[in-house]
Amino acid sequence: MVQSQKHLFFFTCIYLSSDPNHHRKHKTTNLSSLLTVNFAFQGSFTMDLSWMVEFLKGMVKPVAATAVVLMAVLLSYFQKLGLEGEMVYSILRAFLQLSVIGFVLQFIFSQNNSGWILLAYLFMVSVAGYTAGQRAKHIPRGKYVAGASILVGTSVTMFLLVVLNVFPFAPRYIIPVAGMMVGNAMTVTGVTMKRLRDDIRTQMNLVETALALGATPRQATLQQVKRALVIALSPVLDNAKTVGLISLPGAMTGLIMGGASPLEAIQLQIVVMNMLIGASTVSSIMSTYLCWPAFFTKAFQLETKVFSAE
C-alpha cells in the first residue's frame, strides 16, 4: 500500500515536469485532479487502518483479564492437576474464535442481507448438531438426528418470534438470538439422546416384554422418554426459576454494562428465557421421535447392536 502511494506521487511529479508547451488552463485543471486523487488515496489508506487500531485498543482489557487465567494455570501447576496446557489452549482458541466471529459479524451486519442470516444460522446448527451427536455417539446417524432436531426447534421458535414482532428480521437481532437458542438446544438435545439410549439399554428386558405384549415402540419406551426429557430440560427450567435471584444472565448483564436501563434489560431477558424454554423443549422432543428408527427394527424389535456398546 505504501509502495502504491509512492508510485502515484511519482507519476504526479512526472506529469508536472512534462509537456511544458501544454495549455496552462488544462494543466491546472488536471493537476488539481491528480492531487485530489493522491490525497483521497492517502485518506482511504488511513481509514482502512483505523479499524485495526480501534480493535487493538479494545483488546487491551481482554488481554489484561488473562491474569485470571494465569492464576488458574499456576494453581493447576502447584496442585499437579496437569491442566495447564489445556487451559492455555482453551483461552487462546477462545481469543481466536471470538476475534474471527467478531469480524464476520461486523461484515454480515454491514451487508443487511437475509442470505447471510440464513448462512450463519445453518452454520451454527451444523456445528451444534455435530457436537450434540458426539455426545450420543452410539446412536446411528446421531449427528444428523441432533442437527435436524435443533433445526426444527430453533426455526419454529424463531419464526414465532418474528411473526409476533418480538424481534425484527435483521442480522443484528436474528443472529445473536439464534446463537443463544442453538447453543441451549444443542446441550438439551445431546443429553436427551444419550439418556434415552442409556435408559433403554438398562431396561431392555422391560421394553422387550412390552413389545411382545403388543405395545408400539412409543408405548414401550414411554417411561424412558419421559425420564430423558425431564432430566435434559430440568437445568433450563431451574435456570428460569432462579434467574435474577442467584446470578444475572449474560444478555441482561451485557445490556446493563453497555449503558441500557435495567428495566429494558429485564424485558429482553424475559424474552430470552421464554425462547430458550421453547426451543429446547421442541428440539428435545423431536430428537426422541427421530431416534426411534435407529432403536427399533421394522418388525418392532430392539436393534440390539445399538445397545451392545458400552
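The values are calculated or read from the model by the stated rules, or taken from the named source; none is laboratory data. As the structure is a computational prediction, the values presented were derived from the model and not from experiment. Note that each Cβ is placed from the backbone with ideal geometry, even for glycine, and that neighbours are counted across all protein chains shown. The accessibility values were calculated without ligands, DNA or RNA, using every heavy atom of the protein model including side chains. Shrake-Rupley method; radii C 1.70, N 1.55, O 1.52, S 1.80 Å.
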Label model pair Lys61, Leu248: point-to-point distance (7 angstrom along the Cα→beta-carbon line) in nm is 1.3
Residues whose built amide H sits under 5 Å from the amide H of Phe296, excluding neighbours closer than 5 in sequence, are Glu303
Taking only the alpha-carbon atoms of region 241-310, the convex hull volume per residue, in cubic angstrom, is 137
Probe 1.4 Å, heavy atoms of protein chains only: per residue, the accessible area of region 173-223 in Å² is 45
In order over region 295-307: 3J(HN,Hα) from phi, Karplus 6.51/-1.76/1.60, θ = phi - 60°, whole Hz, x for each Gly or Pro, gives 8, 10, 7, 5, 8, 6, 10, 5, 7, 4, 5, 6, 9
Under 5 Å from the placed amide H of Phe169, counting only residues 5+ away or on other chains, we find none
Burial-style ranking of 118-124, 69-75, average other-beta-carbon count within 10 Å with highest first, yields 118-124, 69-75
Summed over the other residues with a beta carbon less than 14 angstrom from that of Gln224, with K and R at +1 and D and E at -1, the charge totals +4
1/(1 + (r/R0)^6) with r = Cβ-Cβ of Val104 and Leu74, R0 = 30 Å, i.e. FRET efficiency to nearest 0.05, evaluates to 0.30
Along region 94-106, Karplus-curve 3J(HN,Hα) (6.51, -1.76, 1.60; θ = phi - 60°) to the nearest Hz, with x for Gly and Pro, reads 5, 4, 5, 4, 5, 5, 5, 5, x, 5, 5, 5, 4
Honestly region 74-227 on the Cα gyration tensor test (a ≥ b ≥ c root eigenvalues; a/c under 1.5 rounded, otherwise a/b vs b/c for prolate or oblate) is just oblate
Checking region 129-224 for trypsin sites (Lys or Arg not before Pro) in a loop per DSSP with at most 15 other beta-carbon atoms within 10 Å yields Lys137, Arg141
Karplus-derived 3J(HN,Hα) from phi for region 258-275 (6.51 cos²θ - 1.76 cosθ + 1.60, θ = phi - 60°), whole Hz, x at Gly and Pro, runs x, x, 6, 5, x, 5, 5, 5, 5, 4, 5, 5, 4, 4, 4, 4, 5, 6
The orientation-averaged projected area of the Cα convex hull of region 83-170, in nm², is 7.7
One finds, for Glu303 and Leu122 with R0 = 30 angstrom and r their Cβ-Cβ distance, a FRET efficiency to the nearest 0.05 of 0.50
Over region 263-310, with neighbouring protein chains present, the accessible area per residue in Å² at probe 1.4 Å is 53
